Amino acid sequence: MPASPILRFAPSPDGFLHLGHAYSALMNQRLADRLGGTLLLRFEDIDPARCRPEHVDESLADLAWLGIRWQGPVWQQSTRLPAYAVALAKLDTMGLTYPCFCSRGDIARVVETRPDWPRDPDASPLYPGTCRHLTAGTRTAWQAAGRPHGRRIDMAAALSHQPHPLGWTEYRETPEATRVAADPALWGDALLARKDVATSYHIAVVVDDAAQAITDIVRGEDLFAATSLHRLLQALLRLPEPAYHHHRLIRDLSGNKLAKSRNSATLRSLRHAGTDVTAIWQSLEARRDET
């Protein structure tokens, strides 16, 4: 008998939740209910400079206020750094990563004279490969000297290590599944660990999805392109392939997606103002229909 579906809602506590988060949580809850599955809650708090305990506390209160029902303990990625280190070490042993000593300024200086320089799906310039070409002796000496560095995937090597085409099952917001071809090369030599944090969102999310046996991932369409990189990492690390449901984004009246950086109205402020939750759901449905 097949296992019951397992979903997760995984916000980052680097600010207070807004209506976009509420919509994504609702989509997760609805699919879990429709499939007769389980919804888990996880906080992606690997960035110590931006994530705050008070944001976790307020997020828990917001989700309870919205009526989102999750099961089991709440995971926090900040407690799982050793698991991510194991995954990175495996990729390193396979010869698929390298240390990167470059700063953002270093990269900018390389590409600033090239307006046609290729960019990744997030519009950042692709890494020019500077540290990929360092000699082993230079890498060892710089690391021994304590020079700060992150780790990047060697995309060409990783793709050659994966001989079969990659893809994923995508449901969007309909019951009909489609098969999407993955294109990890769009991300170039992506960072898998930062200088200040010994992991990245990409490593942490695939490791945790596997550890929690997630079968269906419901998230915004702004992460659609990232799924190509995640599928590559899942294949290289021999992790299970979940199904994906990338939903449309809730946008403001100007057509911009709701975001903490744009000071979108927070669920916390709506909750403290005594806003009726039913009105919140009606507003989300209306905005969805307008997109």
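The values are calculated or read from the model by the stated rules, or taken from the named source; none is laboratory data. What you are looking at is a predicted structure, and each value in this text was computed from that prediction instead of being measured. Quick reminder, even Gly has a Cβ in these numbers, built from the backbone with ideal geometry, and neighbours come from all protein chains shown.
Restricted to the range 138-177, and to residues there that are of a type in the set (Asp, Glu) and in a loop (DSSP other than H, G, I, E, B), the residue that is surrounded by the most Cβ atoms within 10 Å (Cβ to Cβ) is ASP154. Among the numbered conditions (1) within 23 Å of LEU284 (Cβ to Cβ); (2) touching a residue at least 60 places away in the same chain (Cβ under 8 Å); (3) of a type outside the set (Ser, Thr, Tyr), the only one that LEU96 does not meet is (1). Only a single item in (1) of a type in the set (S, T, N, Q); (2) touching a Pro at 6+ places or on another chain (Cβ under 9 Å); (3) free of Cβ contacts under 8 Å to residues at least 40 places away in the same chain is not met by SER59, and it is number (3). Within the range 4-28, residues that are of a type in the set (Asp, Glu) reach partners that are part of a loop (DSSP other than H, G, I, E, B) with beta carbons closer than 6 Å, at six or more positions or on different chains, in the pairs ASP14/ARG50; ASP14/CYS51. The residues of the range 184-194 that are out of contact with any strand residue (DSSP E or B) (no Cβ under 8 Å at 6 or more places or on another chain) and either surrounded by fewer than 18 Cβ atoms within 10 Å (Cβ to Cβ) or not in a loop (DSSP other than H, G, I, E, B) (or both), listed by number, are PRO184, ALA185, LEU186, TRP187. When you check ARG8 against the structure, is it farther than 30 Å from TYR127 by Cα, under 19 Å from the mean Cα position of the chain (by Cα) and among the basic types (Lys, Arg), yes or no? Taking the combined requirement at face value, the residue satisfies it. Residues in the range 144-199 that are farther than 26 Å from LEU31 by Cβ, in contact (Cβ under 8 Å) with a residue 40 or more places away in the chain and of a type in the set (S, T, N, Q): GLN162, THR199.
Across the range 24-44, the number of residues qualifying as touching a strand residue (DSSP E or B) at 6+ places or on another chain (Cβ under 9 Å), more than 18 Å from VAL56 (Cα to Cα) and in a loop (DSSP other than H, G, I, E, B) comes to 1.
Looking at the range 123-133 only, could you name the residues that are more than 12 Å from ARG104 (Cα to Cα) and either basic (Lys, Arg) or without any contact (Cβ under 8 Å) to a residue 24 or more places away in the chain (or both)? Once the filter is applied, which keeps residues that are more than 12 Å from ARG104 (Cα to Cα) and either basic (Lys, Arg) or without any contact (Cβ under 8 Å) to a residue 24 or more places away in the chain (or both), the range 123-133 yields ALA123, ARG132, HIS133. Quick one: count up the residues across the range 1-23 that are among the hydrophobic types (A, V, I, L, M, F, W, C) and assigned to a loop (DSSP other than H, G, I, E, B). Looking only at that region, the number is 5.
Of all the listed residues (PRO53, PRO115), the sole one being surrounded by fewer than 15 Cβ atoms within 10 Å (Cβ to Cβ) and not assigned by TED's automatic domain parsing to the domain that holds ALA204 is PRO53.
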